[in-house]
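Here you go, one structure.
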Amino acid sequence: MYSFELPALGATLELGGESLFHVDGTPRGDYVADVPLASADRDAEGADPAMAAALAWLAAQR
């Protein structure tokens, strides 16, 4: 943990500084999922593409 004093706020900010890795040892920043998705909450029509992809993947696993 790294601590940063914020004197103007009278507070301390604590942030983790450890590197994160996928279970296969790939650094988190280099990991690409088998089904990569563009980062977005909603598409132009208001749908949730990440949720739709996840549900489609789960349905295919049955």
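Given H placed on each backbone N at 1.01 Å, which residues far from PHE21 in sequence or on other chains put an amide H within less than 5 Å of it?
ARG28
Would you work out what percent of the accessible area of the chain, with all protein chains in place, is carbon or sulfur (probe 1.4 Å)?
Of the solvent-accessible surface of the chain, carbon and sulfur hold 57 percent.
Let me ask another. With every protein chain kept in place and ligands, DNA and RNA left out, what is the accessible area per residue of the chain? Probe 1.4 Å, answer in Å².
91 Å²
Taking the chain as the reference, fit the longest principal axis to its C-alpha atoms, fit the long axis of helix 49-60 to the helix C-alpha atoms, and give the angle between the two in degrees, 0 to 90, nearest 10.
With both axes taken from Cα atoms, the answer is about 50 degrees.
If you don't mind, another one. Along the charge dipole of region 4-62, which of LEU58, GLY10, ALA33 sits closest to the positive end, that is, farthest toward it, with unit charges on the beta carbon of Lys, Arg, Asp and Glu (+1, +1, -1, -1)?
LEU58
Can you give the log10 of the normalised intensity I(q)/I(0) at q = 0.12, 0.27, 0.29, 0.30 Å⁻¹, computed with Debye over equal Cα scatterers of the chain?
Debye curve over Cα of the chain, log10 I(q)/I(0) at q = 0.12, 0.27, 0.29, 0.30 Å⁻¹: -0.61, -1.09, -1.14, -1.17.
Still on this structure: Hey, got a sec? Which GluC sites (Glu not before Pro) in region 1-49 land in a DSSP loop and have at most 16 other Cβ atoms within 10 Å?
Passing sites in region 1-49 are GLU18, GLU45.
The values are calculated or read from the model by the stated rules, or taken from the named source; none is laboratory data. Since we're looking at a predicted model, the values are computed, not measured. Positions of Cβ are generated from backbone atoms using ideal geometry, with glycine treated the same way; all protein chains shown enter the neighbour counts. Just the protein is used for accessible areas: all its heavy atoms, side chains included, with ligands, DNA and RNA removed. Shrake-Rupley method; radii C 1.70, N 1.55, O 1.52, S 1.80 Å.
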